[in-house]
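J.: Structure provided below as structure tokens; questions to follow.
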Amino acid sequence: MITDLALTGLLDTARSARRGVGAFNVVLLEHAEAIVSGAELAGLPVILQISENCVRYHGGLAPITTATQAIARAADVEVLVHLDHIEDPELVVAGVDLGVDSIMYDGSHLDFAANVAATRELAERCHVAGVGIEAELGEVGGKDGVHAPGVRTDPTDAAAFVADTGVDALAVAVGTSHAMQTREASVDRDLVERLRATVPVPLVLHGSSGLSDDELRGAVHAGMTKINISTHLNGLFTRALRTVLDERPDVVDPRKYVSAGRDAIATETARLLTLLHA
């Protein structure tokens, strides 16, 4: 069995130092280019995430994933390619076959016992191939469930889930929610400290776009390690495009406005990575 996993090496080092690792979602190829450019500017590692929604948008796993892997391999810093919120076990297997570095299997739509059984089976398959695996309890953010307002992850349940499944990282509910367009959420830092003391693997914070800089730093210092951010970068990308199109309505070459979005993501990626590493 292969046990030298890129995900655990990167996250365990950061966890020990109480530093965060940025994990940013790829929606278009320009996202991958921008995120890697930002990581190179900061001189820090980064995780490129491809969601199941993104796979559907591009009509399949291979096109966007292989292109993203090529960008990652050409980078001057450590870049991992991670599949995010994958509910379809067959897509997990396809990701393993493509050689991604890690996969978040989302069994939160299942009851606890079924989630444990499915996650354990996929974790074993991933580990044989040298692929790291992340999981999550409850329903995903943005819906009533683990990231709904007031819902929190129980440290004892989280520790038992990790022990029963063998996952390498665990997403926990500590106050954030997916798809927030304002940075006004707050993290339950006392709970993060308890989770860090109880759960033996790095903790993952989903929905981090809703956190201010101070909240991001506080979450990392309390014990969060992998910090997922998507909506915040998408907002910057979209606003940059709109500015160009508003100022130059005659432009029809997509490269002349999409590049503005790419530049905006690169700059913010470098800033966020530096913030999380501090």
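The values are calculated or read from the model by the stated rules, or taken from the named source; none is laboratory data. On a predicted model such as this, the values are computed, not experimentally measured, just so you know. FYI the Cβ positions are ideal-geometry reconstructions off the backbone, even for glycines, and counts take in every protein chain you see. SASA here: full protein model, heavy atoms, side chains in, ligands and nucleic acids out. Shrake-Rupley method; radii C 1.70, N 1.55, O 1.52, S 1.80 Å.
J.: Count, please, the residues in segment 195-208 that happen to be assigned to a helix (DSSP H, G or I) and of a type in the set (A, V, I, L, M).
T.: Count: 2.
J.: Now for a separate question. Considering (1) out of contact with any Ser or Thr (no Cβ under 6 Å at 6 or more places or on another chain); (2) closer than 23 Å to Leu7 by Cβ; (3) in a helix (DSSP H, G or I), say which one Ser259 fails and leave the rest.
T.: In the conditions (1) out of contact with any Ser or Thr (no Cβ under 6 Å at 6 or more places or on another chain); (2) closer than 23 Å to Leu7 by Cβ; (3) in a helix (DSSP H, G or I), Ser259 misses (2) alone.
J.: Considering only residues that are modelled with pLDDT under 55 and either open to solvent by 40 Å² or more (accessible area, probe 1.4 Å) or among the charged types (D, E, K, R) (or both), which ones fall in segment 162-185?
T.: Within segment 162-185, His178, Ala179, Met180, Gln181, Thr182, Arg183, Glu184 qualify.
J.: Testing Ala278 on (1) surrounded by fewer than 18 Cβ atoms within 10 Å (Cβ to Cβ); (2) touching a His at 6+ places or on another chain (Cβ under 8 Å); (3) of a type in the set (A, V, I, L, M), one condition comes back false. Which one is that?
T.: Only one criterion in (1) surrounded by fewer than 18 Cβ atoms within 10 Å (Cβ to Cβ); (2) touching a His at 6+ places or on another chain (Cβ under 8 Å); (3) of a type in the set (A, V, I, L, M) is unmet by Ala278, namely (2).
J.: Among the residues of segment 90-111, what is the count of those that are open to solvent by 20 Å² or more (accessible area, probe 1.4 Å), in a helix (DSSP H, G or I) and out of contact with any Asp or Glu (no Cβ under 8 Å at 6 or more places or on another chain)?
T.: Number of matching residues: 6.
J.: Answer yes or no: is there a residue in segment 209-227 that is within 25 Å of Ser16 (Cα to Cα) and assigned to a loop (DSSP other than H, G, I, E, B).
T.: Within segment 209-227, one or more residues are within 25 Å of Ser16 (Cα to Cα) and assigned to a loop (DSSP other than H, G, I, E, B).
J.: Also, quick follow-up: What about Leu203, is it at pLDDT 95 or above, in contact with a strand residue (DSSP E or B) (Cβ under 8 Å, 6 or more places away or on another chain), closer than 26 Å to Ala266 by Cα and not aromatic (Phe, Trp, Tyr)?
T.: In short, yes.
J.: Six or more apart or on different chains, Cβ atoms under 9 Å: show the pairs whose first residue is in segment 35-51 and at pLDDT 95 or above and whose second is of a type in the set (S, T, N, Q) and assigned to a strand (DSSP E or B).
T.: Ile35/Asn25; Ile47/Ser102; Ile47/Asn228; Leu48/Asn25; Gln49/Asn25; Gln49/Asn228; Ile50/Asn25; Ser51/Asn25
J.: Another question about this same structure. Do we have any residue at all in segment 73-89 that's open to solvent by less than 20 Å² (accessible area, probe 1.4 Å), assigned to a helix (DSSP H, G or I) and either touching a strand residue (DSSP E or B) at 6+ places or on another chain (Cβ under 9 Å) or of a type in the set (Lys, Arg) (or both)?
T.: For segment 73-89, residues open to solvent by less than 20 Å² (accessible area, probe 1.4 Å), assigned to a helix (DSSP H, G or I) and either touching a strand residue (DSSP E or B) at 6+ places or on another chain (Cβ under 9 Å) or of a type in the set (Lys, Arg) (or both): absent.
J.: Whether any residue in segment 234-248 is open to solvent by 20 Å² or more (accessible area, probe 1.4 Å), farther than 25 Å from Met104 by Cβ and not in a helix (DSSP H, G or I) is what I want to check.
T.: Within segment 234-248, one or more residues are open to solvent by 20 Å² or more (accessible area, probe 1.4 Å), farther than 25 Å from Met104 by Cβ and not in a helix (DSSP H, G or I).
J.: For segment 23-72, name all the residues that are open to solvent by less than 10 Å² (accessible area, probe 1.4 Å), not in a helix (DSSP H, G or I) and not aromatic (Phe, Trp, Tyr).
T.: Listed by number, the residues that qualify are Ala23, Val26, Val46, Ile47, Leu48, Gln49, Ile50.
J.: Quick test for you: out of His127, His82, pick the one residue that is of a type outside the set (D, E, K, R) and within 22 Å of Ile227 (Cα to Cα).
T.: Result: His82 is the single residue among His127, His82 that is of a type outside the set (D, E, K, R) and within 22 Å of Ile227 (Cα to Cα).
J.: Ok, one more. Hey, could you check segment 186-210 for residues that are farther than 29 Å from Ala163 by Cβ and open to solvent by less than 20 Å² (accessible area, probe 1.4 Å) and say which is nearest to the chain's Cα centre (by Cα)?
T.: Ser209
J.: Can you go through Thr225, Thr243 and tell me which one is modelled with pLDDT of 95 or more, in contact with a helix residue (DSSP H, G or I) (Cβ under 8 Å, 6 or more places away or on another chain) and under 21 Å from Ala278 (Cα atoms)?
T.: Sole residue among the options that is modelled with pLDDT of 95 or more, in contact with a helix residue (DSSP H, G or I) (Cβ under 8 Å, 6 or more places away or on another chain) and under 21 Å from Ala278 (Cα atoms): Thr225.
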